[in-house]
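K.L.:
Dropping the structure in here first, questions after.
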């Protein structure tokens, strides 16, 4: 049975401009230099490089999550770095596989946020992890390799 995120746009308490920024952000993934295709996830756009990455690692889903800027409140770089390191510790403790990346809107002035693409993380587990790190949203992809914005507030 395929997991599908539910679109909560109509019931979200987030500002429309923030929702739009999440949808327009480029979610970059640092892949192996041997990979020929750069991996930039775009909400709603099927990604052949992501499908290939899922196949390479034998998974059918992934989640793109950051620990930076909880509830979309800008924090100092040092605090964001500490939060991101805590996220990596959690991933290591759970023996999860991930690739680092950076999420950044192509036009606005918000600084890029260090992030991770966690391979094989179920939608339910991704929701819990993102909530644990006080995130408003994250990007999740199922077997169709079509990244979806999952809203938590």
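The values are calculated or read from the model by the stated rules, or taken from the named source; none is laboratory data. Model, not experiment: these values are computed from the prediction. Every residue, glycine among them, receives a Cβ derived from its backbone with ideal geometry; neighbour counts consider all protein chains shown.
K.L.:
Do you know which residues across segment 124-141 are part of a loop (DSSP other than H, G, I, E, B) and either under 11 Å from the mean Cα position of the chain (by Cα) or within 18 Å of residue 82 (Cβ to Cβ) (or both)? Can you show your working first?
P.N.:
Keep residues of segment 124-141 that are part of a loop (DSSP other than H, G, I, E, B), which gives 133-136.
The answer is 133, 134, 135.
K.L.:
Give the residue, chosen from 99, 121, that is touching a strand residue (DSSP E or B) at 6+ places or on another chain (Cβ under 6 Å) and part of a loop (DSSP other than H, G, I, E, B).
P.N.:
Details: 99 fails: part of a loop (DSSP other than H, G, I, E, B).
The match here is 121.
K.L.:
Touching a residue at least 60 places away in the same chain (Cβ under 8 Å), farther than 19 Å from residue 29 by Cβ and surrounded by 15 or more Cβ atoms within 10 Å (Cβ to Cβ): is that true of residue 70 in this structure?
P.N.:
Numbers: touching a residue at least 60 places away in the same chain (Cβ under 8 Å): yes; farther than 19 Å from residue 29 by Cβ: yes; surrounded by 15 or more Cβ atoms within 10 Å (Cβ to Cβ): yes.
Spelling it out, residue 70 is indeed touching a residue at least 60 places away in the same chain (Cβ under 8 Å), farther than 19 Å from residue 29 by Cβ and surrounded by 15 or more Cβ atoms within 10 Å (Cβ to Cβ).
K.L.:
Would a scan of segment 87-98 turn up a residue that is surrounded by fewer than 20 Cβ atoms within 10 Å (Cβ to Cβ) and in contact (Cβ under 8 Å) with a residue 60 or more places away in the chain?
P.N.:
No; the residues of segment 87-98 include none that is surrounded by fewer than 20 Cβ atoms within 10 Å (Cβ to Cβ) and in contact (Cβ under 8 Å) with a residue 60 or more places away in the chain.
K.L.:
For segment 52-63, indicate whether the set of residues that are modelled with pLDDT of 95 or more, assigned to a strand (DSSP E or B) and either in contact with a helix residue (DSSP H, G or I) (Cβ under 8 Å, 6 or more places away or on another chain) or surrounded by 13 or more Cβ atoms within 10 Å (Cβ to Cβ) (or both) is non-empty.
P.N.:
Looking through segment 52-63, at least one residue is modelled with pLDDT of 95 or more, assigned to a strand (DSSP E or B) and either in contact with a helix residue (DSSP H, G or I) (Cβ under 8 Å, 6 or more places away or on another chain) or surrounded by 13 or more Cβ atoms within 10 Å (Cβ to Cβ) (or both).
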